[in-house]
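Step one of this worksheet: look at the structure below.
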Amino acid sequence: MSVIAVIDYDMGNLHSACKGLEKAGATPKITDSPADIARADAVVLPGVGSFDPAVQHLRSRHLVEPIKEAIASGKPFLGICLGLQILFDSSEEGKEPGLGIIPGVVRRFRPEPGLTIPHMGWNQIEIAQPDAPIWRQLPSQPWVYFVHSYYVDPVDPQIRAATIAHGSQTVTAAIARDNLMAVQFHPEKSSTSGLQILSNFVAQVRTEVAA
């Protein structure tokens, strides 16, 4: 069984993420140990809450470098919701610098008539990288579940793996680059499509382990 480190920094919906990974056939290990992260076959960084406390908690637990090292090592890495946003340089939500792994900024949705903020509930994403392993066996516009007021704005548009329309604004819903994947929505709450995404991630982990 592939061991996937699920990083615990007091900001994640760890139980739901782990249940989703277990359904996908993985063995998740909740941990804040750099040694566990280094030993794991893959890493998941979940996140619920605000940007500044999230990066503060990661730094206080000395987890920033282990995360960067895991991504640099080539092992599969999946960020979920806030776990996507803190990979970026900074956020309009707070003042703390992000991890700076992905160049870009986290921005707040612009208010407009009839627009609900936060963006909450089911919506269809538009897949921008159809060959990305995370989208295997999914339609081009799958329904997934969102809860967010902020979205990532990467410097390099080619890193966008999917987009979402909310009101008149079309923003990044997922990114993918080499072994790194991260999504703004919650796959663990996204029914069949979400389970397929997690299953695709687990399948990629198994492929890497077998190689």
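What the table shows:
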{"quantity": "Cβ-based net charge around Pro97, under 11 Å, with every Lys or Arg adding one and every Asp or Glu removing one", "calculated": "-1"}
{"quantity": "Per-pair calculated FRET efficiency, R0 = 25 Å: Glu208 and Val147 via Cβ, rounded to 0.05", "calculated": "0.25"}
{"quantity": "Cα→Cβ-extended label distance, 7 Å offset, between Ser16 and Ala35, nm", "calculated": "3.3 nm"}
{"quantity": "Where labels lie 7 Å past Cα in the beta-carbon direction, separation of Val3 and Glu112 in nm", "calculated": "4.8 nm"}
{"quantity": "Where trypsin sites (Lys or Arg not before Pro) in DSSP loops with at most 16 other Cβ within 10 Å are excluded, longest remaining stretch of the chain", "calculated": "137-211"}
{"quantity": "Reachable lysines, given that their alpha-carbon falls under 18 Å from the alpha-carbon of Lys23 and they are not under 8 places away in the same chain", "calculated": "Lys189"}
{"quantity": "Separation of the Asn123 and Ser60 label points, Cα + 7 Å toward Cβ, nm", "calculated": "3.2 nm"}
{"quantity": "Rg/Rg_ref, the stretch 67-190, where Rg_ref = 2.2 N^0.38 Å and atoms are Cα", "calculated": "1.01"}
{"quantity": "Least to most buried among Asp10, Asp52, Asp131 (fewest other Cβ within 10 Å first)", "calculated": "Asp131, Asp10, Asp52"}
{"quantity": "Computed FRET value (nearest 0.05) for Gln137 with Lys95, which takes r as the C-beta separation and R₀ as 41 Å", "calculated": "0.50"}
{"quantity": "Helical contribution to [θ] at 222 nm, DSSP H n ≥ 4, -39,500 (n - 2.57), averaged over the chain, rounded to 500", "calculated": "-8500 deg cm²/dmol"}
{"quantity": "Ranking of His148, His62, His186 by count of other Cβ atoms within 10 Å, fewest first", "calculated": "His62, His186, His148"}
{"quantity": "Kirkwood hydrodynamic radius over Cα pairs of the stretch 1-85, then Stokes diffusion coefficient at 4 °C and 1.567 mPa s, in µm²/s", "calculated": "103 µm²/s"}
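Read the figures in this text as sums done on the coordinates, not as results from a lab. No experiment lies behind these values; they were computed from the predicted model shown. When we count neighbours, we look across all protein chains shown, and the Cβ atoms used for this are built from the backbone with ideal geometry, even at glycine.
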